[in-house]
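Working notes for the structure below.
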Amino acid sequence: MTEPYAERTPDRSARAVIAVTLLALLLVAAVPVALLAGVIMMMLGHVVGGLALSGGSILAAATAVALAGMSGMRHLRKLLSGGSFRVVQLDGSQYTDVAEAQGSDYANVVRLDRSEYTEVR
């Protein structure tokens with residue numbers, strides 16, 4: 001008998017999203033190292049090589065992050081549009097306000113009406 005909350009293995013598209021995200025994280029983590037190596041190269045006289053290394057690492061990381069974001073959003077849309085991930089839209093009548101307990105353990109509690117709430121910025 002199968003359990004309703006049995007652990008599922010990710011499908012191919014989920015694995016691809018995970019792989020692209022891990023690649024993006026690795027490339028973003030490598031950017032400071034590449035910038036330091038580029039500065040050292042420029043100090044040793046290889047200015048064009050140092051600039052190319054710095055710019056290339058930033059470009060690769062930005063591209064990987066953009067690709068991970070796009071593939072993640074596409075995978076999320078596919079999950080939401082499919083029947084495997086059920087999302088229910090609630091209308092205004094289905095929201096319930098949780099009533100607070102009338103008896104409070106605290107002595108200095110000030111109760112506010114909805115009209116007395118202010119927005120804190």
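Somewhere in segment 75-97, is a residue among the hydroxyl-bearing types (Ser, Thr, Tyr), modelled with pLDDT under 90 and assigned to a helix (DSSP H, G or I)? Checked segment 75-97: at least one residue is among the hydroxyl-bearing types (Ser, Thr, Tyr), modelled with pLDDT under 90 and assigned to a helix (DSSP H, G or I). Within segment 44-62, the set of residues being farther than 30 Å from Val20 by Cα and either touching a Gly at 6+ places or on another chain (Cβ under 8 Å) or surrounded by 14 or more Cβ atoms within 10 Å (Cβ to Cβ) (or both) comprises His46 only.
The values are calculated or read from the model by the stated rules, or taken from the named source; none is laboratory data. All values reported here derive from a predicted model rather than from experimental measurement. Positions of Cβ are backbone-derived with ideal geometry, glycine not excepted, and every protein chain shown enters the neighbour counts.
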